[in-house]
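Contents: one structure, followed by commentary.
The values are calculated or read from the model by the stated rules, or taken from the named source; none is laboratory data. The shown structure was predicted, so the numbers you read here are calculated from the model rather than taken from an experiment. Note: ideal-geometry Cβ built from the backbone for every residue, glycine included; neighbour counts use all protein chains shown. Only protein heavy atoms, including side chains, enter the accessible area calculation; ligands, DNA and RNA are left aside. Shrake-Rupley method; radii C 1.70, N 1.55, O 1.52, S 1.80 Å.
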Amino acid sequence: MGLGGLLVGTLPRFGVSPHVAMSWRGESGFSFGVDDLCSVLPGTGRLGVGVYNQTSAAFGYTWKDGDARMGPSISLYSMPACGETLCGRVAGLAPGGHALVNVYFGGAIGVSLSANVDWVGGRSAVLPGGWAAMLVAGPVFRWRSK
């Protein structure tokens, strides 16, 4: 779970970002993971609540005290945004790429760094198409099944 600011257009907004990930590791150290990060921007004003959901499937490598993986992602979004002169709702589907590194210390507790880059295309009167990037860092906890 993450809390923090998101820059949507020209105005920063407060956001809450629950994150769920599952990964499977092979005996050789190679792994496969599915990640979902849903950023929710609480509603303010007439434009209401915003949602930016990123889902990725990635391959990587796992070692005793960590793991790293990267792969394609897809993002679905609908959120209020403000450009230079106009505010409104932007919505769409964006392809992209995802990378994640988790390093554990103290057994099940560690730190996670996740990056996602999306191509937000289409035409909007509020914002032009272009790249959208997100970088998230914070604590991570792992559960193991044996």
Of the residues that sit in segment 22-58 and are loosely packed, with under 12 Cβ neighbours inside 10 Å and in contact with a strand residue (DSSP E or B) (Cβ under 6 Å, 6 or more places away or on another chain), which one is farthest from V120 (Cα to Cα)? W24
Test: A57 is assigned to a strand (DSSP E or B) and under 27 Å from G130 (Cβ atoms): yes
Give segment 91-113 a look and list any residue that's in contact with a strand residue (DSSP E or B) (Cβ under 7 Å, 6 or more places away or on another chain) and modelled with pLDDT under 85, or say none. A108
Would you pick out the residues in segment 20-38 that are modelled with pLDDT under 85 and within 15 Å of A115 (Cα to Cα)? V20, A21
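When you scan segment 64-127 for strands (runs of 3 or more DSSP E) that lie fully inside it, which ones turn up with 1 or more residues that are of a type in the set (G, A, S), farther than 19 Å from G33 by Cα and open to solvent by 40 Å² or more (accessible area, probe 1.4 Å)? Spell out how you get there, then give the answer.
Numbers: elements: 66-82, 87-104, 109-120.
Where strands (runs of 3 or more DSSP E) fall fully within segment 64-127 and carry at least 1 residues being of a type in the set (G, A, S), farther than 19 Å from G33 by Cα and open to solvent by 40 Å² or more (accessible area, probe 1.4 Å), they are 66-82, 87-104.
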Looking at G88, G66, G83, G60, which one is over 21 Å from P18 (Cβ atoms) and touching a residue at least 60 places away in the same chain (Cβ under 8 Å)? G83
